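Asks: Before we start, here is the structure in question, set down as structure tokens.
The values are calculated or read from the model by the stated rules, or taken from the named source; none is laboratory data. Every value quoted in this text rests on a predicted model; they were computed, and no experiment measured them. Cβ coordinates were reconstructed from backbone atoms using ideal geometry, including for glycine residues, and neighbour counts include every protein chain displayed. For accessibility, only protein heavy atoms count, side chains too; no ligands or nucleic acids. Shrake-Rupley method; radii C 1.70, N 1.55, O 1.52, S 1.80 Å.
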Amino acid sequence: MSTDQTRSRIAEVLTQPLAATGLDVEAIDLTPAGKRRLLRVAVDKDGGVTLDDVADATRAVSAVLDDSDVLGEMPYTLEVTSRGVDRPLTLPRHWRRNVDRLVKVTLTDGTVLTGRVTGSDDHAVTLDVDGQVREVAQADVAKALVQVEFNRRGRPPVTSDEGVADEHDTDEHDDEEEGEA
């Protein structure tokens with residue numbers, strides 16, 4: 001059986017048990033690693049994946065694989081992870097889960113857009129590109145990646161020079177600390 005066929009079979013046996021925990025299978029990678037194989041399963045869900053979700057998914061995947069012959073007799077190492085921002089947006093749920101995120105989109109005609117996802121449905125995505133609303137059919141997207149933002153637009157950094165208070169700058173907080181001492 002080829003690696004692609006094995007990967008497809010793994011996806012088939014994992015999709016339902018992971019869906020029962022609220023997770024979607026986003027990617028399955030199976031690579032040789034000496035006398036073993038490394039099986040990486042990427043999962044995601046609306047609202048993002050927590051460490052507890054990854055732990056639950058690892059237990060579920062391990063149980064399914066132990067009860068099936070999908071990997072045969074060859075030993076493997078299992079790694080369950082979140083989808084990560086480096087994976088391309090290819091499905092409607094990817095766009096939905098990244099509303100309000102900055103994305104770089106390459107269209108099938110070669111045009112490159114960078115904008116914030118403001119909405120999406122099963123057929124199109126709405127982007128704010130430099131203040132202009134652009135609706136793009138998902139069929140016209142050749143590649144789309146979330147852009148990492150360190151200083152997000154609209155959220156200025158809090159510094160003492162700006163006089164912006166945070167939760168530690170209130171009198172109420174100071175009173176609580178004095179009472180605990």
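Asks: Inspect all residues belonging to the range 36-47 and state whether any of them is in contact with a strand residue (DSSP E or B) (Cβ under 7 Å, 6 or more places away or on another chain) and among the β-branched types (Val, Ile, Thr). Before the answer, list the steps.
Replies: Pass one, the range 36-47, residues in contact with a strand residue (DSSP E or B) (Cβ under 7 Å, 6 or more places away or on another chain): 36-45.
Okay, now just the ones that are also among the β-branched types (Val, Ile, Thr), so 41, 43.
Yes.
Asks: With farther than 29 Å from GLY119 by Cβ and in contact (Cβ under 8 Å) with a residue 40 or more places away in the chain as the only criterion, which of ALA55, ALA63 stands out?
Replies: ALA63
Asks: Just name the residue that is farthest from GLY22 (Cα to Cα) out of those in the range 34-43 that are surrounded by fewer than 16 Cβ atoms within 10 Å (Cβ to Cβ) and touching a residue at least 24 places away in the same chain (Cβ under 8 Å). It would help to see each step written out before you state the result.
Replies: At the first step, the residues of the range 34-43 found to be surrounded by fewer than 16 Cβ atoms within 10 Å (Cβ to Cβ) are 34-36, 38, 40.
From the residues that got through so far, the ones that are touching a residue at least 24 places away in the same chain (Cβ under 8 Å) too are 35-36, 38, 40.
Values: LYS35: 34, ARG36: 30, LEU38: 24, ARG40: 19 Å.
Selected residue: LYS35.
Asks: Still on this model: Quick check on the range 44-60: of everything there that is among the aliphatic types (A, V, I, L, M) and either assigned to a helix (DSSP H, G or I) or under 19 Å from ARG9 (Cα atoms) (or both), which residue is most open to solvent (accessible area, probe 1.4 Å)?
Replies: Here is the first cut: in the range 44-60, the ones among the aliphatic types (A, V, I, L, M) are 49, 51, 54-55, 57, 60.
Remaining after also requiring either assigned to a helix (DSSP H, G or I) or under 19 Å from ARG9 (Cα atoms) (or both): 51, 54-55, 57, 60.
Numbers: LEU51: 151, VAL54: 30, ALA55: 37, ALA57: 0, ALA60: 24 Å².
Ranking the candidates gives LEU51 first.
Asks: Suppose we keep only residues that are farther than 21 Å from LEU91 by Cβ and free of Cβ contacts under 8 Å to residues at least 60 places away in the same chain within the range 2-29. Which one would you say is surrounded by the most Cβ atoms within 10 Å (Cβ to Cβ)?
Replies: So, considering only residues that are farther than 21 Å from LEU91 by Cβ and free of Cβ contacts under 8 Å to residues at least 60 places away in the same chain, the one surrounded by the most Cβ atoms within 10 Å (Cβ to Cβ) is THR3.
Asks: Could you tell me whether ALA63 is outside any strand (DSSP E or B) and surrounded by 14 or more Cβ atoms within 10 Å (Cβ to Cβ)? Working first, answer last.
Replies: Details: outside any strand (DSSP E or B): yes; surrounded by 14 or more Cβ atoms within 10 Å (Cβ to Cβ): no.
So ALA63 fails the test.
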